[in-house]
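The next block holds one structure in the form of structure tokens; read it before the comments.
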Amino acid sequence: MDTDTGTDAGTDTGAVERAAARRMWHLLEPVHAVVYYAPEAYEEAAALGYGTAERWPAYFAWRAVPLGAAGAEETTAAFHSFSPDMVARYVPESWRIAAPDAVLAARTRAVTRTYAALLGPGADTPGVAEAATLARRVAGAAVPAGPLSAANAALPWPGEPAAALWQAATVIREHRGDGHLRALREAGLDPVESLVSFAAIGAAPPEVFASRGWTPTAWEAARSRLAARGLVDAAGAATGAGRELRAQVERRTDELAAEPWRVLSDDEREHLAKALEPFWVAAIGSGLLPGVNTLGIGKV
């Protein structure tokens, strides 16, 4: 669905707003995601009793904890792209290892320590506090679109500016993610079809999406369903119809994500973008984030 409206000068206001929302997502995503890979976060997870030989035990704990002691079914629905079997390996075992309150406290410590390590004294400056204030306004304007955005928005705000900025980035990020799930449902794509169709347009190689735990059989079955709809060809590449459907999903995602950004003026948004620069530069420059990801940043 496209709800663009033009100005008298012929400017496509909806397209401008969607582009602005996508740009801010690109800036905020590293701010949010680096914590899932940071040594400090692994140390906090290990102190709680989570295994750290792979990143998934901590990932599921950190990301799902705002939902409380959620079960596997609830977590699978909220995360959407992970196979139910993969989620069940980690949830609800996460809450038998550590209670949600303890995980939330450890997550805040992990965030604070991560950014202290990445930015040094720069993690505690007026610019960080200013960025947190602006991002928090956007987060406050994000009407919950699903369980993860609602649960994160309901959490108390940390006192440390860097941790507050991370929480605001997380609310905004999960709001976008919940809107993306709505767009996928509107397009008639189930969780595994969503991944197969995304790989088909070149967002990332299929092997990157193997991290979501779907079996080859499930992947091929989804590809067959998409082929029957004329969305992928015999080689698994997107057809013209498949590319157009994914483009519609991205437009709809950006449209829904743009709503809370309207609380800031253009100047305030630019100010926030400038204030975020040290964070995303440090996150990307750390080498902690994977070079190719399942989100398609830089690809779509």
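The values are calculated or read from the model by the stated rules, or taken from the named source; none is laboratory data. Just so we're clear, the structure is a prediction, and the values are computed from it rather than from any experiment. All Cβ positions, glycine included, derive from the backbone under ideal geometry; neighbour counts span all protein chains shown. These area figures cover heavy atoms from the full protein model, side chains too; ligands, DNA and RNA do not enter into them. Shrake-Rupley method; radii C 1.70, N 1.55, O 1.52, S 1.80 Å.
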Next on the checklist: I'm spelling it out carefully: the read-out is semi-axes √(5λ) of the Cα gyration tensor in Å, the candidates are (1) 39, 19, 18; (2) 30, 26, 16; (3) 24, 23, 20, and one was derived from this structure. Which label?
Outcome noted: (2)
Checklist outcome for this item: Computed about the Cα centre, the charge dipole of the chain from +1 Lys/Arg and -1 Asp/Glu charges at the Cβ has a magnitude in debye, to the nearest 20, of 420
Item to check | Rounded to the nearest 20 debye, dipole of region 29-170 from Cβ charges on Lys, Arg, Asp, Glu | outcome: 140
Checklist entry - According to a simple spin-label model (label point 7 Å from Cα along Cα-to-Cβ), what is the distance in nm between residue 211 and residue 116? => result 2.7
Checklist outcome for this item: Checking 113, 229, 262 against a Gaussian network model of the chain (alpha-carbon springs below 10 Å), the top fluctuating residue turns out to be 229
Checklist outcome for this item: A correct Kirkwood calculation over the Cα atoms of region 216-267 returns a hydrodynamic radius in Å of 13.1
Next on the checklist: Rolling a 1.4 Å sphere over the protein heavy atoms, what is the accessible area per residue of the chain, to the nearest Å²?
Outcome noted: 43
Checklist outcome for this item: Computed over region 152-300, the relative contact order (Cα-Cα under 8 Å, seq sep at least six) in percent reads 28
Next on the checklist: Just to verify a number: FRET efficiency for residue 124 and residue 93, C-beta to C-beta distance, R0 = 35 Å, to 0.05?
Outcome noted: 0.45
Checklist entry - Could you list, bin by bin from short to long, the percent of Cα-Cα pairs of region 103-249 in 5 Å steps? => result 2, 9, 15, 15, 13, 10, 12, 11, 8, 4, 1, 0
Checklist entry - What share of Cα pairs, in percent, lie more than 15 angstrom apart in region 140-219? => result 65
Checklist entry - Once fully extended, how much extra length lies between residue 102 and residue 244, figured as 0.36 nm per residue of separation less the alpha-carbon to alpha-carbon distance? => result 46.6 nm
Item to check | the chain, accessible surface, carbon-and-sulfur percent (1.4 angstrom probe) | outcome: 57
Checklist outcome for this item: Of 98-110, 39-51, ordering from highest average Cβ density within 10 Å down gives 98-110, 39-51
Checklist entry - So how far apart, in nm, are the two label points at residue 19 and residue 271 if each is 7 Å from Cα heading toward Cβ? => result 2.4
Checklist outcome for this item: Checked against the positive end of the charge dipole of region 216-269 (+1 on Cβ of Lys and Arg, -1 on Cβ of Asp and Glu, about the Cα centre), the farthest of 241, 265, 227 is 227
Next on the checklist: Counting pairwise Cα distances across region 72-150, what percent come out greater than 16 angstrom?
Outcome noted: 70
Checklist entry - Given q = 0.14, 0.16, 0.20, 0.22 Å⁻¹, what are the Debye log10 I(q)/I(0) values for region 1-133, with equal point scatterers placed on the Cα positions and solvent ignored? => result -0.77, -0.89, -1.12, -1.24
Checklist entry - If all Cα-Cα distances of region 34-93 are sorted into 5 Å bins from 0 onward, what percent lands in each bin, rounded to whole numbers? => result 4, 20, 31, 22, 17, 5
